[in-house]
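The structure under discussion appears below in the form of C-alpha cells.
Readers should treat all values here as calculations from the given coordinates under stated rules, not as data from a laboratory. Remember, predicted model here, so these are calculated numbers, not experimental data. Backbone-built Cβ (ideal geometry, glycine too); neighbour counts: all protein chains shown.
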Amino acid sequence: MSNNSITIAAALGLAFAATSAQADTIRIPLNDWTGQNLTAQIAGKLLERIGHDVEYVTAGAVPQLAAIAQGSLHFQPEFWDNNVGDIYYDALDRGDIVLVGPLGIESSEGWIYPPYMEESCPGLPSYQALYDCAQAFAAADTFPNGRLITYPADWGTRSRDLVAQIDLPFQPVAGGSEGAMIAELRSAVASQQPILMMFWQPHWLFAEFDFNWVEFDEVDGTCDEGNQSRGNACGFNQANVGKLVNRDFQATWPDAYVLVEALQMDNASQNAMILQVDQDGMSVDEAAEGWLADNEAVWAPWVEAAMAAQD
Amino acid sequence: MNGLRHWFSGVHAWAALIALTLALLIFRDALAWSVRYPNEWVVPLTPWLNSGMNWVIDHFGAYFRAFSDTLAVVMRLVRNLINALPWSVVLALVTVAAFALAGWRLALFSFAAVLYMVVIGFWTQAMNSLALVVLSVPIAVIIGFAIGTLGFASERADRAIRPTMDLLQTVPAFAYLLPILLLFGFGPVVGLIASLLYAVPPMVRNTTLGLRSVNAETVEAGRMSGATTAQLFWRVQVPCAKRQILLGINQTTMAAFSMVIIASIIGGTADIGWEVLTAIRRALFGESLLLGLVIALMAMVMDRLTARIAVREITDRQDQSFAQRYRYWIIALILALGLSLLAQVMPFLSDYPREWRYYPAAQLNAAVTYIVAEFSTSIDLIKRVAFFYVMLPVKMGLERTISPFSWGFTFTDTLKVAYAVAIVALTGVAWLRRGWRIATLSAFIGILLFVGITGMPWPTMAGMAVLLAYQVGGRRMALGMAAGMGFLLLTGIWQEAMLSVYLCGIAVLLSFVIGGTLGVLAAEFRPVSAVLRPINDTLQTMPLFVILIPFVMIFKIGEFTALLAIIAYAIVPSIRYTELGIRGVSPEAIEAGRICGCTPWQLLWRVKLPLASPVIMLGLNQTIMYAIVMLVIAALVGTSDLGQMVYIGLGDGDFGVGIIAGVGMAVIAMLADRMMQTISRKQARN
C-alpha cells in the first residue's frame, strides 16, 4: 500500500513537473508520412540548437489545423494546401493560422503510370495517346472505357472534372484512401497490370517504384483547371507546400520565427532521406541528424539569423 | 376503422404499391422526381448545424476546454505511470493475474501475448494504447452505472436513455470525431472522449437489465428486514445483479479497445493505433497485420480476464489465513519488486534491445505480392462474375448491366418482354402455391433487378418500408419507419442511403448463408468448431482497417473489395449464433425426432433449425449491425454511400455533412434492429 502511494506521488510530481515545463515548449505536429516527419525533425533539431524545447505530437491532416488554430500545436514546417477544406482557409482568414511562406519543396500532381504501359500504349506520355488506348487501361467495371483511379472522394473531384472537360474515354474511380491507392499500385506493378492513377510527389513511393507522368499541354503561368479542352489541356494546378505557425508564434518566440522564415528544404534532399528511412531502415531521427551533419553550410546562416534576433 | 386496418395489412396494400411502382417506372421520364429526390425539396440542415456548432463553441468552448485540460493531466499521469513500469514487470503481473483468475491456460496465452508485444519492438506504443483503455474503462463504468441505475429507477428516464444509447452505438465514431475535436480541443483527450461515448452504452444497458432482473422476493425480503433504500440498493440489488454488471464491464472494455485506432485518427496519442494508421496509409500489409495483432491480443487477454471475473464463483474465504487469502497479491508484489530491482542491473529487462527484435513484416508483404502476381487471372474472374451477375444488377438493374461486354449479348426489347413475362409467371405460380406474400416478394425482386436499387422510385420504396413495418410491429413501428424514411429524404441523402442498403444487403445475405452453413457444421462437428473459434476471435478483435489491405491488394479498389471486407467482419455473429442456437436445442427434442425415424438431414431441417431459429435470428440481427458498422471502414476502399459521406465531412472539416450521414446510418441500423428484434420475439413466442 505505502509502496503504491509513493509511486503515485512520484508520478504525480513527474506529471506536474512535466506540465509546468511545457509552457514554453514548441509543439510540432508529426503527420503520417515520412517526408513531413523528416522536415519536422530537422526544424525541431534546429529550434533546439537555438535553445528552445520542442515536443513532437502525432496529428492527422485536418485535426492539426484545428490544433494550430487553437494553439495546442504551434508550428507545422511542411503543410500541403491541396485537398484541404474550408477549415484551412477560414483559419487563415481569421488569422488563427499564419502562413510564413513556401518551404521550397516543389510539388507536382498528375496522372502516373508504370513504364511498362508504354508498350501497350505507345503514344505515352502525352495525354493525347490516352484517347486511342483507353481499352489498354480498361477493367471489368469500366469497359470499354479506361479505368482512372482518382483521389479519394473527400479530396475533391479534379480528375473527374478534367476527364469530363477534355472528353477522355476514361471512367474515374475514387481511390478511397491513400493506403488503398498504394495497395492498388503495388499489386498492379507486381502482376504487370495496367494502371493509371492520380498521384502527387514528392512521395516516398517514387523511391520504391518507377512511374512516369502523363504530360499535358504547356501553358504560360498557372493552369486554369476549370477551362480546358482537348488540344488545350494543361492538367492540374500545382499545390503549394508552406510553413504554418500559430497566431501567437511570432510574439512568443521572435527568434524562432526568424528561423522558421529562413527554413528551406528541396526535393532532392528530402527524397534521399526518405529513401534512407523507408528502404534502408534508418530511423527518422538518424536521417535528420545525417542531413544536419552534411549540410551545416546550409543551415548555419538560419541559426545565426535567429541568434541575432535573440538579443 | 377495423376494415381499414384489415385492408392496410393485407394483400391489397401491397398490390397497390407494386402497381404504383410500375406506373411510376413506366412514366419515369416524365416523372423524374420520383426516381431521384429533387434537390429543391431538401431541407438545408447542414448550414444550420454548422452555425449551431459555432455558436456552442463561441459560448461554451471555454468550459469544454477546461474539462479536457483536467482530463489531460490525469491522462498524462496514467501514461507516465504505465510507461514507468519495465516490460518484465508488466509481463509478470499480467501472467499472475491470468493464472489467479483462470488457470494456467490463460496464463500461458497472456504470457505469449505480452511477450509478442515486446518482441516486435512496439512496447511503448502498446502501453500508450493500454493507458487509453485503462483510463477510459473505469470512467465509462462509473458513468454507465450511474445512467443505468437512473434508467432502472425511473421509467421516464429510461425512455429517453434507451434511444440515446442506441444512437451512440450506431452513429459511426468518425461522424462525431470532428465535433469533439472542435469542442474539446486537440489531443489524446479527444480520443478518450470518443472512446467513452462508445464504451458507455453497454454498461448502461447491462446495469439496467441486471437491476431489473433481481428477484422481487429478494428485494421484498431485504425490505422486511428493515433495509433503507440505500442499503437495499448497495447490499441487495447490486450484489444480485453483479453478474450482469460484470458482463457490462467486459463489454465496455471490448468497446474501448475497438476505439483505439479511431481515437488516433485525431492524433496526439503516439500509440499503436497511430502506428497501424501509418502502416495502413502506406498499404503495408505485413506491418499493419503485426501491429493490429497487438491490439487484438490485448483485447483478447482483457476479454478473457474480465469475462472470467464475471462468471467466477464467489467463494467464501473467511476461514483462510491472511497469506492464503492474498497469496496471488503477495506473489505479484514480490515478482514486481524483484524484477524492478533486477532491471536496475540487467537493463534489458526494462528496455528491450533493438537487436533482439523480430519483425517479419517484409516476409508477409512478399507473400501477398506473390499471391497477387501468381493468381491475378483467376482473381479477376471471381471479381467479374460477382460484378456482372450479382452486384451490378442489384445496384443499377439488368437494363443497364446487360451488354455484349458483360453478359455477351444485348438486352433487346424482345428479351425485356420475355423477362417481364417470366416474372409475371413466377409471381402467379408463387401466388397459387405459396400465397400472396411470396408472390409479392417475387414481383418486388423482379422489378428491383430490372431497374436496380438506384432506379427504384422513392415514394413507393418508402411506402413499402412503412407498410412492412406496420405488418411487423403495428402502428408504432410504422410511425418510426415513416420518421426514419422522412429523415433520409428530407436531408437529401436518400441516394447514398440506398447505396448503403445495397452494399449491406448483399453482404448480410451472403454472410447469413455462408455463416449459417459454417455455424451448422461447427455445431455438428467439433473439429470444425475448434478451427473456427480462433478465426472468429481474431476477426472480431482485429482492428477493422487491417482486414481491408489484403483485400485491396488482391481485388483492387472498388465495391467488390468493400463487400468482401464487410462480409469478413459481419459473418462472425452468423457463425456464432447459429452454432449456439443449434447446440442449445434440447436433447429431448432431438431424441424425439430420432425416435420418429428422422434422417440426420430431416433432423436438422425439421427439428434443430426451427427450434434454434430465435437465436439464429438474433445472429442475423447482429450481422446487420456489424455490416453497418463496417460500412464506414469499407468506404476507405472506394464506395459512394453514406460511409463515404462521413469521411467527406471529416476531410473538409464540415461538421454538418458528417453528422447527417452518420445519423442516417444510425437510422437505418436502428430500424433494421427493431424490425429484426420484433420478428425474433414473435418467433420465440410461437
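Helix A:296-310 and the longest principal axis of the C-alpha atoms of chain A enclose an angle of approximately 50°. Rg and Dmax over the alpha-carbon atoms of chain A stand at 23.0, 81 Å.
In order along the range B:593-605, the phi-based Karplus estimate (6.51 cos²θ - 1.76 cosθ + 1.60, θ = phi - 60°) of 3J(HN,Hα) comes to x, 5, 5, 5, x, 5, 6, x, 5, 5, 4, 5, 6 Hz; Gly and Pro are listed as x. Working from label points 7 Å from Cα in the Cα-to-Cβ sense, the B:ALA422 to B:GLN324 distance is 7.8 nm. When only alpha carbons are used to place a centre, the range B:626-686 and the range B:13-69 end up 15 Å from one another.
Bridgeable lysines around B:LYS608 (alpha carbons under 28 Å apart, same-chain partners fewer than 8 residues away excluded): B:LYS682.
Cysteines in the protein assembly as shown that lack a partner Cβ within the 4.7 Å cut-off: B:CYS240, B:CYS504, B:CYS596, B:CYS598. Averaged over peptide B:104-115, the number of partner chain Cβ atoms lying within 10 Å of each residue's Cβ comes to 0.
For the protein assembly as shown, the fraction of C-alpha pairs farther apart than 40 angstrom is 48 percent. Among A:TRP204, A:TRP111, sorting on how many other beta-carbon atoms sit within 10 Å of each Cβ, with the fewest leading, yields A:TRP204, A:TRP111. The gain in end-to-end length when the B:SER403 to B:TYR370 segment is fully stretched comes to 8.5 nm, 0.36 nm per residue minus the alpha carbon separation. Distance between the 7 Å Cα→Cβ label points at A:GLN310 and B:GLU524: 8.0 nm. Rounded to two decimals, the Cα-based Rg/Rh of the range B:137-315, with Kirkwood Rh, is 1.07. In whole angstrom, note down how far apart the Cα centers of the range B:253-305 and the range B:517-584 are. So the two Cα centres are separated by 19 Å.
Which whole number gives the average count of other chain Cβ atoms within 10 Å of the Cβ atoms across peptide B:540-549? The mean count of partner-chain Cβ atoms within 10 Å per residue comes to 1.
For the residues of B:168-181, the average number of beta carbons from a partner chain within 10 Å of their own beta carbon is 1. Compute the angle between helix B:155-170 and the longest alpha-carbon principal axis of chain B, please, reported from 0 to 90 degrees and rounded to the nearest 10. The helix B:155-170 is inclined about 80 degrees to chain B. When each of B:CYS240, B:CYS596 is scored by the number of other beta-carbon atoms lying within 10 Å, the sequence from fewest to most is B:CYS596, B:CYS240. Sorting the segments A:92-103, B:602-613 by their residues' average number of neighbouring beta-carbon atoms within 10 angstrom, most packed first, yields B:602-613, A:92-103. Each peptide among B:130-141, B:270-281 gets the average number of other Cβ atoms lying within 10 Å of its residues, and from highest to lowest they stand as B:270-281, B:130-141. Here the spin labels are modelled as points 7 Å beyond Cα on the Cα-Cβ line, and at B:ARG681 and B:TRP33 they lie 3.9 nm apart.
Helix B:123-153 and the longest principal axis of the C-alpha atoms of chain B enclose an angle of approximately 70°. For the protein assembly as shown, the mean residue ellipticity at 222 nm estimated from helices alone is -22500 deg cm²/dmol, where every DSSP H run of n ≥ 4 contributes -39500 (n - 2.57) and the total is divided by all residues, rounded to the nearest 500. Plugging the Kirkwood radius over Cα pairs into Stokes-Einstein for chain B, at a temperature of 10 °C and a viscosity of 1.306 mPa s, what D comes out in µm²/s? Using the Kirkwood radius from Cα pairs, D works out to 56 µm²/s. Of interest is the spacing of the C-alpha centroids, which for the range B:174-213 and the range A:125-150 amounts to 46 Å. Per-residue Cβ neighbour counts within 10 Å put B:LEU426, B:LEU510, B:LEU211 in the sequence B:LEU426, B:LEU510, B:LEU211, beginning with the fewest. Ranked by the mean number of other Cβ atoms within 10 Å per residue, highest first, peptides A:70-80, B:103-113 order as A:70-80, B:103-113.
Calculate the FRET efficiency for B:LEU167 and B:ILE143 from the Cβ-Cβ distance with a Förster distance of 22 Å, rounded to the nearest 0.05. The pair B:LEU167/B:ILE143 has a calculated efficiency of 0.85.
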